[in-house]
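Just so it is clear, none of the values below were taken in a lab; they were calculated from the coordinates. Computed from a predicted structure; not experimentally measured. A quick note on method: Cβ atoms are made from the backbone with ideal geometry, for glycine too, and the neighbour counts reach across all protein chains shown.
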Amino acid sequence: MAGLKLLVVSTPMGPLGQGLGGGVELTLEAVLESLHRRGHALSLVVASGSQLPGTPLQQSWLEPGVPQPSWQHQPRQAPIEIPADGLLPRFWQRALAEQQQFDAVLNLGYDWLPLWLTPQFQTPLCHLVSMGSVGEAMDQVIAATAQQFPAQLAFHTASQAADFHLSASPTLLANGFDFSRYSFNPDPQPCLGWVGRIAPEKGLEDAAQVAAAKQWPLRVWGLKENAAYAAAVEASVPAGTIEWRGFLPTEQLQRELGQCAVMLNTPKWNEAFGNVVVEAMACGVPVVAYRRGGPAELIEDGLTGFVAPPDQPEALLQQLPAALALDRLAIRRQAERRFGLEAFGARLEAWINQAVATA
Ligand code: UDP
């Protein structure tokens, strides 16, 4: 199929570049870049104040407004919430108004409104769902969309998709990464790494336990979403175990992350994908993770890392010697084969073409 004109709608969690959108920020860059390389023309709706991705865009609409609260920090029965002056309705007002110029609209936000709007759009509206089940209102609207427009939904992993009531077998896209932005590091230091939003669903406390038992420092990168939680984790292990490195842009993050001997990934929720797992692999860093959600599908046991039973820090600790012995270059190569922009772009394009053809 010839190049498509596509309108991509970003996350309404806030301006890009500060980590407010979590993994979706990097997903957005990979979506734009991989589709651009395949000859599609991209336009973007995004929060004003965003650091815009480097991919050439036909047009970008920078919308002002109040960020959307995150679903994952609300009770499961929470009603749909849209703040006054919200970014979310602005984004979708814009998409509704501009849709006629495009072959498809692609939604990257995990929000009720765009899913509910699917039947109202004349242009096919496709949703890349970025989390597992975190609330009943979202479960319902995802199930309803899956029923009526199955071709217009895609997920990152099978574990994530299994959270939802789907009538057809789901489209799985995994995720994509520009490996040229990650340098291979063959010479690690005796330290462990952990990357993620510092929030309870990410289970930093378990990684801290492993580092304390190993008597290696745990270097931690990410946005402190929950400062009280961060302080409690730090207090749970001997002083100096955790080294806070802050939230860094990809260029700096990958340089520092590459120095780690092993990265730990300890999700307490059904992690939809786990961008940071692939980012570590891209630097040559083996990953030892709980067998829970996306990371368990990303890690190839004995090749790119190891998985261990969830919620047992001692099981992670036991895997460290084997992980330290893995071939770091082979880790990067395998990750690139599966999650490079080329492989991701092919999956993404096939999905959008299918959605456009069946709409
Ligand atoms: N991240 C970053 N700098 C940091 C720490 C994290 O850019 O210092 C990014 C990381 O690249 C990843 C995202 O934060 O894309 C976290 O995404 P992930 O899929 O692991 O989890 P989520 O936050 O979406 O639950």
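A few remarks follow.
- Placing +1 on each Lys and Arg Cβ and -1 on each Asp and Glu Cβ, with no other charges, gives the chain a dipole about its Cα centre of roughly 420 debye.
- Normalising by residue count, region 305-359 has a Cα convex hull of 96 Å³ per residue.
- Globularity index of region 1-88, i.e. its alpha-carbon radius of gyration over 2.2 N^0.38 Å: 1.19
- Candidates GLY23, GLY340, GLY49: whichever shows maximal mean-square fluctuation once the chain is modelled as a Gaussian network with Cα springs under 10 Å: GLY49
- Cα point-scatterer Debye curve for region 208-359, base-10 log of I(q)/I(0) at q = 0.12 Å⁻¹: -0.55
- Rg/Rh for the chain (Cα atoms only, Rh after Kirkwood) is 0.96.
- Computed Kirkwood radius, in angstrom, where 1/r is averaged over Cα pairs of region 108-205: 15.9 Å
- Here the Gaussian network model covers the chain, with springs between Cα atoms less than 10 Å apart; of LEU326, LEU128, LEU218, LEU326 fluctuates the most.
- Region 263-340 - Rg (one decimal) and Dmax (whole number), Cα, Å: 11.2, 33
- Distance between the pseudo-spin-label points of GLU314 and ASP301 (7 Å out from Cα toward the beta carbon): 2.0 nm.
- GNM remark for the chain: springs join alpha carbons under 10 Å apart, and the peak mean-square fluctuation among ALA282, ALA296, ALA143 falls on ALA143.
- Per residue, the convex hull spanned by the Cα atoms of region 169-263 measures out at 131 cubic angstrom.
- Label-point separation in nm, ALA168 to ALA330, each point 7 Å along Cα→Cβ: 3.9 nm
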